[in-house]
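Each remark here refers to the structure printed beneath this line.
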Amino acid sequence: MDLAGVHGTSLEPLPLQMGDRAMPHDPATPQDSLAVNSWNEWDPLEEMIVGSADNASFEPTEPGSRPAIRNRPETPFPTGPKSQEAVDLANEELAGLADLLRSQGVTVRRPGPHDFSAPVRTPDFEVENQYCAVCPRDVMITMGNEIIEATMSRRARYFEYQPYRKLVYEYWNSDPRVGWTTAPKPSMADGMYREEFWDWPLEKRHERMHSFEFCVHQDEVVFDAADISRLGRDILVQESMTTNRAGVHWLKRHLEPRGFRVHAVHFPLDFFPSHIDCTFVPVRPGLILTNPDRPLREGEEAMFLRNDWELVDVPEPVLGNHEMPQYCQSSKWLSMNVLSISPTKVVVEEQEKPLQDLMAKLDFEVFTVPFRNVFEYGGSLHCATWDVRRRGTREDYFPDLDYRPLV
Ligand code: ARG
């Protein structure tokens, strides 16, 4: 990987008060000067990474993923690079989102080139090709002034941090207060996965819905960044196919000393949970969009209700599950994968009129872009982005909480 140009910063001694890792900033420090600063999903957006479909490949079949063609599950799923046409269509919509954000004063950056058709071989596994850089949200997360690279949960996504490394180096070099952590890489060896998960009939999934055991065992630390949702001091992490309890535990141990509180959340009726942003979507202090098919586990809504948060069910998506693009592995609920530009401005997919109306009724200024061609890459507006800077500080939106830290 070419990192020329990112090593321009001379290694001057760090300012004394900084220590050797970025801690939550001193509230007296002016916000604007921090290169990396984002504490929640809604503060006014200043800098954003928008994904790219360049060189994307089909996700391979592997122990953590069994892709299938929608409505034709018996036909083998394609392998290798996506067609140039599919790449161009997605890129056009991603560019449209980038233009909209720029028109709102946001600095937009894009991932670097990466050959996703290349196979991966480590001491523990081999996989025929990689996936894509359409969904930076799945891999990268900003926790205040720190960038965290997730462990990831699938073999084809093991090296997905690479297209973002040049940007990370740039932020890291430009501001000594920027922290950077890569979470421990799991082996992704056969033994990490519970392959029979894929063959369980629906009744069995229903029976097991409160066990929260999916296709990944609990021995290794596993999480995707998109299972995390940031609400200031409080961080939600969904236990899912892509994030196990060891992953939640690692996040707790990493974030609690930095002043965060980490809450595991569960959606027992989602039998194939992965990534929280089509299920439970905070859009401003006190307001979370909820998925009517995927209620929170009983008892977990208490922290929201006690602190006067409102949970509002989104309307039925415009496309049903059977009408979604044929290679898309996500559900119709990509409809609710909205992106906040600020606590009063939100981007909703162009055809999702019922949700646009709801957001307008909730007093948002609603922006729309077409995004359906991005769906087959596993995400919509929130997934396809990674916010590096939002204007704001860490607030406590949950003053009334029984929280048990690890130590
Ligand atoms: N698994 C989710 C669903 O089908 C899609 C999540 C997409 N989110 C993302 N960050 N890629 O409802």
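The numbers here are math on the coordinates, done by the rules we state, and not lab data. Small disclaimer: the values here were computed from a predicted structure and weren't measured. As a convention, Cβ positions derive from the backbone with ideal geometry for all residues, glycine included, and neighbour counts pool all protein chains shown.
Taking a ≥ b ≥ c as the square roots of the eigenvalues of the Cα gyration tensor of the stretch 217-280, is the shape rounded (a/c under 1.5), prolate (a/b larger than b/c) or oblate? Oblate shape, in that a/c is at least 1.5 and b/c is the bigger or equal ratio.
How much mean residue ellipticity at 222 nm does the chain get from its helices, if each DSSP H run of length 4 or more adds -39500 (n - 2.57) and you divide by all residues, to the nearest 500 deg cm²/dmol?
Calculated at 222 nm, the ellipticity per residue is -4500 deg cm²/dmol.
List the longest stretch of the chain that has no exposed loop site; here a site is one of the trypsin sites (Lys or Arg not before Pro) assigned by DSSP to anything other than H, G, I, E or B, with at most 14 other Cβ within 10 Å. In the chain, the maximal stretch lacking such sites is 22-390. Taking each of LYS82/LYS166; LYS252/LYS361; LYS82/LYS332; LYS166/LYS345; LYS204/LYS332 in turn, the alpha-carbon distance tops 28 angstrom for LYS252/LYS361; LYS166/LYS345. Extension gain, THR368 to GLU256: 0.36 nm times the residue separation minus the Cα-Cα distance gives 36.6 nm. Look at the alpha carbon pairs under 8 Å that are at least 6 residues apart: their mean separation over the length of the chain gives a relative contact order of 23 percent. Taking θ as phi - 60° and the Karplus parameters 6.51, -1.76 and 1.60, the scalar couplings of the stretch 251-259 work out to 4, 4, 5, 7, 8, 4, x, 8, x Hz in sequence order, x denoting glycine and proline. Entry note, the stretch 291-346: relative contact order of 28 percent, from Cα contacts under 8 Å with a spacing of 6+ residues.
Label sites at ASN71 and LEU406, each approximated as a point 7 angstrom past Cα along Cα to Cβ, lie 4.7 nm apart. For the stretch 273-321, the set of GluC sites (Glu not before Pro) satisfying both a DSSP loop assignment and a count of at most 11 other C-beta atoms within 10 Å is given as GLU298.
Could you tell me which GluC sites (Glu not before Pro) in the stretch 27-100 are loop residues by DSSP with no more than 11 other beta carbons within 10 angstrom of their beta carbon?
Sparse-neighbourhood loop GluC sites (Glu not before Pro): GLU74.
For the stretch 352-407, applying the loop criterion from DSSP together with a ceiling of 15 other beta carbons within 10 Å to the chymotrypsin sites (Phe, Trp or Tyr not before Pro) yields TYR403. About the centre of its Cα atoms, the stretch 287-407 shows a dipole size close to 440 debye [charges on the beta carbon of Lys, Arg (+1) and Asp, Glu (-1) only; nearest 20 debye].
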